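Only one structure is covered here, and it is reproduced in the block below.
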Amino acid sequence: MLGFVLAVLVFPYLAAAFALLFLKMRWGLRAFGVFALVAVALLIAMFLAYAYPILEREGLAVFTSAVWDPAREEYGVLPALVGTLVTSAVAISLAFPMAVGVAVTINEVLPPRLRPLFASLVDLTATMPTVLYGLWGIFALGPLLQSAVNAVFGPGAMPSQYSLLTAGVLLAVMVTPYAAAVIREGYAAVPRPVEEAVYSLGATRLETVLVKLRHIRNYVVGGIFLALGRAMGETVAVAMVVGGKLGSLPAGLFDGGITISSLIALQFPNAAAYKYMTAALFAGALALAVLGIAINAAALYLIRRWQ
């Protein structure tokens, strides 16, 4: 079934590419848009089909249970859902000011000759393999955060460097270039008369920057939601630093946990040995897909409203 679904997903794009190249450009672009929606619908259908055994057996309890006991064939993805939401919230809370700061610095602070260089360096960080970020998280970021938290909150406040906090901060570093690229392009596209009009009213440089950011708020929202989607789907780097804690909800931000993506990556190699584990992992993938669709829908609503 998986091969059939993949074939169905690939064929529409090939057909749309044919229409785009050999037929009219307008109809080709429309075909791409329609087939993209069809592809998403087929993916959701595939997740539902593979998750059906656990959904038939447990119902919605698979999304509200924290138990993960393969020996008893009891599975719940609630800890992974909570871990995904917590790490993504931490990442976006940190990435938002950093992305705005990077965009403003490149467009306002740096000399014109250095702006392309620094913009390219920021974009380059987005192309680095995620496993390198994971290694940095293990050997540098994790120990640093553990020492800082224990120094502030007391010994034992963060018993291990593998925690939701470490994963969230690592994700913030990873997704900042994506948001910064979108915000930077929007900031550079602000018409010159808008800036001159603001300065003519006696505004300071900081006030002018704030007005320009408000002028491109649809770019800001788009960049932040793009980064959020990237954070929720990250797998390798998060799996290396989040702790991989299963079977219970995390006690706090300094505790170990797991995300849906890392749960699938860590458990899928052993899933074939159990009757319902594969279905439970696809149920987690279904939940992640629904979250992703909801986030994109919210982003499109806000962007169109402000546009």
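Could you tell me which residue of segment 258-307 is surrounded by the fewest Cβ atoms within 10 Å (Cβ to Cβ), considering only residues that are assigned to a loop (DSSP other than H, G, I, E, B) and of a type outside the set (D, E, K, R)? Step through it out loud before you land on a result.
Of segment 258-307, the ones assigned to a loop (DSSP other than H, G, I, E, B) are 258-259, 272-276, 307.
Imposing the further condition that a residue be of a type outside the set (D, E, K, R) reduces the set to 258-259, 272-274, 276, 307.
Numbers: Ile258: 29, Thr259: 32, Ala272: 9, Ala273: 9, Tyr274: 15, Tyr276: 18, Gln307: 7.
So the residue we want is Gln307.
Out of everything in segment 235-257 that is in contact with a strand residue (DSSP E or B) (Cβ under 7 Å, 6 or more places away or on another chain) and among the aliphatic types (A, V, I, L, M), what residue ends up being modelled with the highest pLDDT? Give the steps one after another, and end with the answer.
Taking segment 235-257 as the starting set, the residues that turn out to be in contact with a strand residue (DSSP E or B) (Cβ under 7 Å, 6 or more places away or on another chain) are 242-243, 245-247, 250, 256-257.
Those left that are additionally among the aliphatic types (A, V, I, L, M): 242, 246.
On the way: Val242: 96, Leu246: 88.
Taking the candidates together, the pick is Val242.
Among the residues of segment 63-88, write down those that are in a helix (DSSP H, G or I), of a type in the set (S, T, N, Q) and without any contact (Cβ under 8 Å) to a residue 40 or more places away in the chain.
Start the filter on segment 63-88 by keeping residues that are in a helix (DSSP H, G or I), which leaves 63-64, 70-72, 78-88.
Add one more test, that the residue is of a type in the set (S, T, N, Q), and what stays is 64, 84, 87-88.
Passing the criteria: only Thr64.
Just to be sure, is Ala167 farther than 22 Å from Ala66 by Cα and open to solvent by less than 30 Å² (accessible area, probe 1.4 Å)? Can you show your working first?
Working: farther than 22 Å from Ala66 by Cα: no; open to solvent by less than 30 Å² (accessible area, probe 1.4 Å): yes.
Considered against the rule, which asks whether it is farther than 22 Å from Ala66 by Cα and open to solvent by less than 30 Å² (accessible area, probe 1.4 Å), Ala167 comes out as no.
Identify, from the list Ala189, Ala231, the residue that is open to solvent by 30 Å² or more (accessible area, probe 1.4 Å), within 31 Å of the chain's Cα centre (by Cα) and not acidic (Asp, Glu).
Working: Ala231 fails: open to solvent by 30 Å² or more (accessible area, probe 1.4 Å).
When all the criteria are applied, what remains is Ala189.
Residue check: is Tyr162 touching a strand residue (DSSP E or B) at 6+ places or on another chain (Cβ under 8 Å) and either at pLDDT below 95 or open to solvent by 30 Å² or more (accessible area, probe 1.4 Å) (or both)?
Working: touching a strand residue (DSSP E or B) at 6+ places or on another chain (Cβ under 8 Å): yes; either at pLDDT below 95 or open to solvent by 30 Å² or more (accessible area, probe 1.4 Å) (or both): yes.
So Tyr162 fits the description; yes.
Does segment 109-128 contain any residue that is free of Cβ contacts under 8 Å to residues at least 24 places away in the same chain, outside any helix (DSSP H, G or I) and under 26 Å from Ile260 (Cβ atoms)?
yes
Can you say whether Ile224 is in a helix (DSSP H, G or I), over 22 Å from Met98 (Cβ atoms) and in the same structural domain as Val104 (by the TED database), as far as the supplied structure shows?
Details: in a helix (DSSP H, G or I): yes; over 22 Å from Met98 (Cβ atoms): no; in the same structural domain as Val104 (by the TED database): yes.
Here the answer is no, as Ile224 does not meet what is asked.
So that you can scan it fast, the table gives a plain yes or no per residue for (1) under 19 Å from the mean Cα position of the chain (by Cα); (2) open to solvent by 30 Å² or more (accessible area, probe 1.4 Å):
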| site | (1), (2) |
| --- | --- |
| Val82 | yes, yes |
| Leu85 | yes, yes |
| Val90 | yes, no |
| Ala99 | yes, no |
| Ala103 | no, no |
| Arg115 | no, yes |
| Ala119 | no, no |
| Val131 | yes, yes |
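Between residues in segment 147-159 that are closer than 18 Å to Gly257 by Cβ and residues that are outside any helix (DSSP H, G or I), which pairs lie under 7 Å by C-beta distance while being six or more apart or on different chains?
These pairs meet every condition: Val149/Ala157; Val149/Met158; Val149/Phe254; Ala157/Phe254; Met158/Phe254.
Identify all residues within segment 234-245 that are part of a helix (DSSP H, G or I) and either hydroxyl-bearing (Ser, Thr, Tyr) or open to solvent by less than 10 Å² (accessible area, probe 1.4 Å) (or both); write none if there are none. So that I can check it myself, show each step before the final result.
From segment 234-245, those part of a helix (DSSP H, G or I) are 236-241; that's our starting set.
Of everything in segment 234-245, those that are part of a helix (DSSP H, G or I) and either hydroxyl-bearing (Ser, Thr, Tyr) or open to solvent by less than 10 Å² (accessible area, probe 1.4 Å) (or both) turn out to be Ala237, Val238, Val241.
Can you tell me which condition Ser248 does not meet? The list is (1) touching a helix residue (DSSP H, G or I) at 6+ places or on another chain (Cβ under 7 Å); (2) buried (at least 17 other Cβ atoms within 10 Å of the Cβ); (3) small (Gly, Ala, Ser), and all the others hold.
In the conditions (1) touching a helix residue (DSSP H, G or I) at 6+ places or on another chain (Cβ under 7 Å); (2) buried (at least 17 other Cβ atoms within 10 Å of the Cβ); (3) small (Gly, Ala, Ser), Ser248 misses (2) alone.
Please go through segment 111-152 and pick out each residue that is under 13 Å from Val173 (Cα atoms) and of a type in the set (S, T, N, Q).
Correct list: Thr125, Thr127, Thr130.
The values are calculated or read from the model by the stated rules, or taken from the named source; none is laboratory data. Since the structure is predicted, the reported quantities are computational estimates derived from the model, not experimental observations. Every residue, glycine among them, receives a Cβ derived from its backbone with ideal geometry; neighbour counts consider all protein chains shown. Just the protein is used for accessible areas: all its heavy atoms, side chains included, with ligands, DNA and RNA removed. Shrake-Rupley method; radii C 1.70, N 1.55, O 1.52, S 1.80 Å.
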